[in-house]
Amino acid sequence: MEFDKKHIKPWVVASNRRIENMTNKVVRGWDRALGRLMVGGRKANYDDLRYEFTGGPGEAMRRKHYDRSLRLLWKAQEHSPQLDFRDCSIDERKLLEMALRSLTDQEKAERKRLSMPEYKEMLDREYTRREKQAIVNVLAAIGHGEAYAWLVSAELLNEVQSTGARSALTMQVMEEAKHFVVLRELLMAFDVPVPRQSAWAYLFLEGVYKSPGLEKFFGMNVVVEGIALSLFGMMSHLPGLEVLRLFHLDESRHTALPVNYFRDFPMTAWQRHNPRARMRRLRIILPALLLLPHLEEDLGELGIEAFDFGGSALRKISLLAERAGFLLPIPFNQLLSLLNQGFNTYCTATRDEHAFTDFTCQDTTRGMEEQRVESRIFSLA
Ligand SMILES: [Fe+2]
Ligand SMILES: [Fe+2]
């Protein structure tokens, strides 16, 4: 390659470099001093000398979350063609058409691509209006949760160290955005009113969003994701809700994020044992429990015992929390047993006949594939 080179006088180059070097020392020295005094300094936690974010490469985290998320990235246009999404590339659309052409007639009938009017007809065939409302009421609770998951993961992105952890959180932000918009469209298709957040969901999710620093991992990736995982696992076998399988798979990855992150950057003993933090974690869980009586009627409409769902979700949440090292004021097994007694007291007081049940031993995840995913996470098999 031939370049028409321009000659710059060496003294100009040298003085430009000297001025830049001096300014660099002053600017960075000043910011370092402010940072040490905790009154400001560099805002970006970026290490430009190493060309990495503060905390290093974090490659294990990148491989487990970022690479995997990209590998398992799903498109709404392919899996819920009745919704108004055009997120497949031309190549993906061609591949999809080829795959559909190669199916047998029976396979085609099983995997019928529905248009929106056909989808709505199918919902009307499968469910009464009351059942449709029950499905929407239950899923709207987590639909509003997806909005908070989007907000919280975007904030967590700036709390974590290492290039790998940031890339993992970036994928979570993207997946939560997708969950929010896809679930929103899906619920709208039921043609029944979508309820507002209940007071309990409001208190619970605001508490999670307001958690300081990495404590957001507890509220979001342990509690909210634990509830979402349980809910999607319980509903994804229902006609018209098959796409929730993919939500379930994404959430299973999100629940593993804190454990993998703390492997590289462990919490200090104080962060784990701090009595105020332990109390705050308990306060986050409490309003979420009130969602059970709130959704009891709608879950009952779908043949689901609300406290079976609650016990199943709480057992999974406690396993995730223990694994990540988030302690509560009392050990998890004691908390589970107390809550189980509370659930039974409520049932005895509000039902005609109630026999004592160990709700925390129940499992409400229905789909085979979802059970397999969860048994890998929780070793329940
Ligand atoms: Fe989500
Ligand atoms: Fe998530």
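Values quoted throughout were computed directly from the atomic coordinates according to the rules given, and no laboratory measurement underlies them. Every value quoted in this text rests on a predicted model; they were computed, and no experiment measured them. Note that each Cβ is placed from the backbone with ideal geometry, even for glycine, and that neighbours are counted across all protein chains shown.
Tally up the residues in segment 353-375 that are of a type outside the set (A, V, I, L, M) and not in a loop (DSSP other than H, G, I, E, B), please.
Qualifying residue count for the region: 9.
Does segment 224-240 hold any residues that are in a helix (DSSP H, G or I) and aliphatic (A, V, I, L, M), and which are they?
First, the residues of segment 224-240 that are in a helix (DSSP H, G or I): 224-235.
Those that are in a helix (DSSP H, G or I) and aliphatic (A, V, I, L, M): V224, I227, A228, L229, L231, M234, M235.
With respect to A288, is the statement that it is touching a Lys or Arg at 6+ places or on another chain (Cβ under 8 Å) and either in contact (Cβ under 8 Å) with a residue 60 or more places away in the chain or within 23 Å of E251 (Cα to Cα) (or both) true?
No, not satisfied.
Return the residues of segment 291-329 that are over 23 Å from the mean Cα position of the chain (by Cα) and within 23 Å of A277 (Cα to Cα); say none if nothing qualifies.
P329
In segment 316-335, how many residues are free of Cβ contacts under 8 Å to residues at least 60 places away in the same chain and in a helix (DSSP H, G or I)?
From segment 316-335, those free of Cβ contacts under 8 Å to residues at least 60 places away in the same chain are 318-319, 322, 327-335; that's our starting set.
Imposing the further condition that a residue be in a helix (DSSP H, G or I) reduces the set to 318-319, 322, 332-335.
Within segment 316-335, residues that are free of Cβ contacts under 8 Å to residues at least 60 places away in the same chain and in a helix (DSSP H, G or I) number 7.
State all residues of segment 31-76 that are hydrophobic (A, V, I, L, M, F, W, C) and not in a helix (DSSP H, G or I); if no residue qualifies, say none. Full working, then the answer.
Quick first cut of segment 31-76, residues hydrophobic (A, V, I, L, M, F, W, C) only: 33-34, 37-39, 44, 49, 53, 60-61, 70, 72-74, 76.
Across segment 31-76, the qualifying residues are L37, M38, V39, A44, L49, F53, L72, L73, W74.
Do we have L238 as on the phi < 0 side of the Ramachandran plot, within 12 Å of ligand 1 (Cβ to nearest atom) and among the aliphatic types (A, V, I, L, M) here? Walk me through how you get there before you give the answer.
Numbers: on the phi < 0 side of the Ramachandran plot: yes; within 12 Å of ligand 1 (Cβ to nearest atom): no; among the aliphatic types (A, V, I, L, M): yes.
No, not satisfied.
Which residues, taken from segment 343-352, are surrounded by fewer than 14 Cβ atoms within 10 Å (Cβ to Cβ) and either assigned to a helix (DSSP H, G or I) or in contact with a helix residue (DSSP H, G or I) (Cβ under 6 Å, 6 or more places away or on another chain) (or both)?
From segment 343-352, those surrounded by fewer than 14 Cβ atoms within 10 Å (Cβ to Cβ) are 345, 348-352; that's our starting set.
Across segment 343-352, the qualifying residues are T345, T348, A349, T350.
If a residue must be surrounded by 21 or more Cβ atoms within 10 Å (Cβ to Cβ) and more than 16 Å from ligand 2 (Cβ to nearest atom), how many such residues does segment 133-148 contain?
Going through segment 133-148 one residue at a time, the tally reaches 6.
Being of a type in the set (F, W, Y) and within 18 Å of V243 (Cα to Cα) is the filter; apply it to segment 113-155 and report the residue that is farthest from ligand 1 (Cβ to nearest atom).
Selected residue: Y127.
So which helices (runs of 4 or more DSSP H) are wholly in segment 241-296 and hold at least 3 residues that are within 16 Å of ligand 1 (Cβ to nearest atom)? Give the derivation first.
Numbers: elements: 244-255, 257-264, 269-273, 275-289.
Because the criterion is at least 3 residues that are within 16 Å of ligand 1 (Cβ to nearest atom), the helices (runs of 4 or more DSSP H) in segment 241-296 that meet it are 244-255.
Taking the condition of being loosely packed, with under 14 Cβ neighbours inside 10 Å and under 21 Å from E118 (Cα atoms), how many residues in segment 88-102 meet it?
Number of matching residues: 3.
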